[in-house]
Amino acid sequence: MMKPKTKKKIKDRSAFIVKLLIGILFMLPIIIGLLFSFQTETDLVSYPLKFFTANPTLEHYISAFTTIPILHYLKNTLIVCVIAITAQIVFSSLCAYAFVFFDFKGKEFFWNVVLACMMIPGEVTIITNYVTIQNIGLVNTYPGLFITSMIGGTSIFMMRQYYKSLPKDFKDAATIDGCGELGFLFRVATPLSIPTISSLAIYLFVHIYNQFFWPLLVANDDKMRTIQVGISFLVTSDVTDYGRILAGAMVTILPSVLIYIFGQDYIIKGMTSGGVKG
Amino acid sequence: MAKVSMIGLKKVYPNTEKKKRGKNQKTEEKSNLKVTAEGVLAVQDFNLEIADKEFIVLVGPSGCGKSTTLRMVAGLEEITDGELYIDGKLVNDVEPKDRDIAMVFQNYALYPHMTVYDNMAFSLKLKHTPKDEIDRKVKEAAEILGISDLLGRKPKALSGGQRQRVAIGRAIVRQPKVFLMDEPLSNLDAKLRNQMRAEIIKLRHRVDTTFIYVTHDQTEAMTLGDRIVIMKDGEIMQIGTPQEVFQHPANLFVADFIGAPRMNIFDGELVKNAAGRYAVRLEQLEVELPEEKQERLKAKNVSPCKVLLGVRPDHLKLSDQGVSGTVDVSEMMGSAIHLHLSLAGKDCIIVVPTGDMTQSQITDFTPGTSLKVSFSGYNAHIFDPESGLNLEY
């Protein structure tokens, strides 16, 4: 008969191995990409393919940086990300605050509209958005790139869940202390929601940073391209340089992966806030 | 320091959704909430004059409207009808911050991202009070409450009692005209609650202002209040000093709510004896009422009738002659034994002091033991079985 302690140990270790395998499975494309990006051209076309090379090289990275202006694309992407994330946090906080703390006619209806917006895939509205952007002359401009990312249903939802979890007494205490609605929002609710805002910012960064289709439509000019669109120009019609493409891809995913790794605690906290009574 | 007058205060929470009702069904009772065509009636016809520096306690069971009343005074709830005056000024439409009140909440409501100092200074900062004055007031209040060494800490690093002190300190620094407290001790354990209760009494003498205190705990109400307002279903049941509401309960609800253990209620009879004097009869026991009760009943011209007879557990005495009962449970409380008896067809409690008892007498009260109990006419409360009102008042 197995001891309960041993049984628990085996159970925990089995669970760990299963989780590890699933993690590796998800990470595999990135791991393979990373390993191949350091291989020479000869290694990459050899058969069978080798995961590890005896002669690692940076030639593909140098090639990627000299073929396209990666740093310029990164700058464009960061401008779009910063403005869109800031706007989305401000607007979603204000909107969520109204949904939680104000009573107004049609509150339920508007909340359902927000929920419905979350269900609609971005691709469905992309053509009408493009026509609008084109008509107001925002093609090939930064506003054209970030305007559609300035508000989103998911952000409103996350902020609303957080505000709903705030004890009502905070609002009452602040009201008696002399805070108005904005005073309470900025002096009490916002400082308390920093973990949620952080997780939202990280989530939005990953989302906006990885946008491809919208920047592809809006930025025709090379100067306005974002990193995801720019990197696709490494694939040219005459020659397919897999090493260079992989090196470019690795550079591209680096910021979002780093942000995700360092901010994962906030993301988990933000996603679960409001759902669990603290 | 201020007088507070509440005249005909009423609070109705409008119905948020249309409810299907029968044509003639204008009012429906759902648990203890009164739902009318206007909405849920939380408080009605609330009239109270609170004197300057008076300590008033609103007490009642959950949902009786005591917190709603306090929140109306604070300005956190809109007043549906009636008038509220603070220091002679009508404040129905005055913003909470301009009412010169401070409030202590049940859940402390300390801002978690601020230190104790910042929590206490917050309202003063919003009023643009000079920094050195804020500093002085915060330190003074901290001194009074013995939390000077906690000023740099965040609320999460404090115990429940310390948090409650900070919450009180936050109210003190404002030097309000009226101090509002919404069940401030409910989250504390029994020992700490007793300690904090004593501290509130001391605090009351130090800050010397008008207090309105809400609680569902009758012990808190009795020990803290100059006067107690007992509420039920949004209405005032009785207003009086702790002694008055204990000795002269206006109705069955007050009699039952005030006092621990609760008052025993029996099916009795109000009779006139051979001498033409009022007496109460419980089974074979007939007890003549004292002169003051005779006069009150005579003045109201009360005829002999069936009554609900109330006697507090401390006022039922073991006796050789009286009503017979059987012990169901005996609870040793240290200085007294609480005996649960089956008596006159009811379950009742009798408190027997153990001071003069021998060990064998104490252990005598085993379940099934037969006893006889009696009571004095001074301690008999007589209520109308239908209205529940005290027949003397």
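Restricting the range B:52-68 to residues that are open to solvent by less than 70 Å² (accessible area, probe 1.4 Å) and among the hydroxyl-bearing types (S, T, Y), the residue that is nearest to the other protein chains (Cβ to nearest Cβ) is B:S67. May I ask you to say which residue of B:G310, B:G334, B:G276 is of a type in the set (G, A, S) and part of a strand (DSSP E or B)? That would be B:G310, the only listed residue that is of a type in the set (G, A, S) and part of a strand (DSSP E or B).
Within the range A:178-201, count every residue that is assigned to a helix (DSSP H, G or I), of a type outside the set (S, T, N, Q) and open to solvent by 10 Å² or more (accessible area, probe 1.4 Å). The total comes to 11.
If I filter the range B:117-136 down to residues being within 11 Å of chain A (Cβ to nearest Cβ) and of a type in the set (D, E, K, R), which single residue comes out as farthest from B:I101 (Cα to Cα)? Checking each candidate, the answer is B:D118. Counting only residues that are open to solvent by 20 Å² or more (accessible area, probe 1.4 Å) and of a type in the set (G, A, S), which one in the range B:158-194 is farthest from the other protein chains (Cβ to nearest Cβ)? Top of the filtered list is B:A190. Of all residues in the range A:145-188, none satisfies the criterion of being within 16 Å of the chain's Cα centre (by Cα) and within 13 Å of chain B (Cβ to nearest Cβ).
Of everything in the range B:241-259 that is among the polar types (S, T, N, Q) and farther than 14 Å from B:M231 by Cβ, the residue that is least open to solvent (accessible area, probe 1.4 Å) is B:T241. Could you list, ordered by first residue, the pairs with Cβ atoms under 6 Å in which the first is in the range A:54-68 and open to solvent by 80 Å² or more (accessible area, probe 1.4 Å) and the second is modelled with pLDDT under 90, at least 6 apart or interchain? If the second residue must be modelled with pLDDT under 90, the pairs left are A:N55/A:T40. Taking every residue in the range B:333-361 that is on the phi < 0 side of the Ramachandran plot and at pLDDT 85 or above and pairing it with any residue that is of a type in the set (G, A, S) and part of a loop (DSSP other than H, G, I, E, B), at least 6 positions away or on another chain, the pairs with Cβ-Cβ distances below 9 Å are B:S335/B:G355; B:A336/B:G355; B:P353/B:S335; B:T354/B:G334; B:T354/B:S335. For the range A:209-225, a residue qualifies if it is open to solvent by 10 Å² or more (accessible area, probe 1.4 Å) and within 19 Å of A:M150 (Cα to Cα), and the qualifying residues are A:N210, A:Q211, A:F212, A:F213, A:W214, A:L216, A:L217, A:M224, A:R225. Only residues that are modelled with pLDDT of 90 or more, of a type in the set (G, A, S) and under 24 Å from A:L254 (Cα atoms) were counted in the range A:189-229, giving 2.
Criterion applied to B:G334, B:G310, B:G325 was being touching a helix residue (DSSP H, G or I) at 6+ places or on another chain (Cβ under 6 Å) and not assigned by TED's automatic domain parsing to the domain that holds B:Q218, and the one residue passing it is B:G310.
Scanning the range B:69-106 for residues that are surrounded by 14 or more Cβ atoms within 10 Å (Cβ to Cβ), within 13 Å of chain A (Cβ to nearest Cβ) and under 14 Å from B:Y13 (Cα atoms) yields B:R71, B:M72, B:L76, B:E77. Looking only at residues in the range B:9-39 that are surrounded by 13 or more Cβ atoms within 10 Å (Cβ to Cβ) and under 23 Å from the mean Cα position of the chain (by Cα), the one that is modelled with the lowest pLDDT is B:N32. The residues of the range B:205-223 that are open to solvent by 10 Å² or more (accessible area, probe 1.4 Å), more than 20 Å from B:E140 (Cα to Cα) and part of a helix (DSSP H, G or I), listed by number, are B:Q218, B:T219, B:M222, B:T223. Checked against (1) in a helix (DSSP H, G or I); (2) open to solvent by less than 90 Å² (accessible area, probe 1.4 Å); (3) in the same structural domain as A:R225 (by TED's automatic domain parsing), A:L44 passes all but condition (3). Select from the range A:1-41 the residues that are part of a loop (DSSP other than H, G, I, E, B) and surrounded by 11 or more Cβ atoms within 10 Å (Cβ to Cβ) and write down the one among them that is farthest from the chain's Cα centre (by Cα). The extreme case among them is A:T40.
The values are calculated or read from the model by the stated rules, or taken from the named source; none is laboratory data. A quick note: this is a predicted structure, and the numbers were derived from the prediction, not measured. Reconstructed Cβ throughout: ideal geometry from the backbone, glycine too, with neighbour counts over all protein chains shown. To get the accessible areas, we keep the full protein, side chains included, count just its heavy atoms, and leave off ligands, DNA and RNA. Shrake-Rupley method; radii C 1.70, N 1.55, O 1.52, S 1.80 Å.
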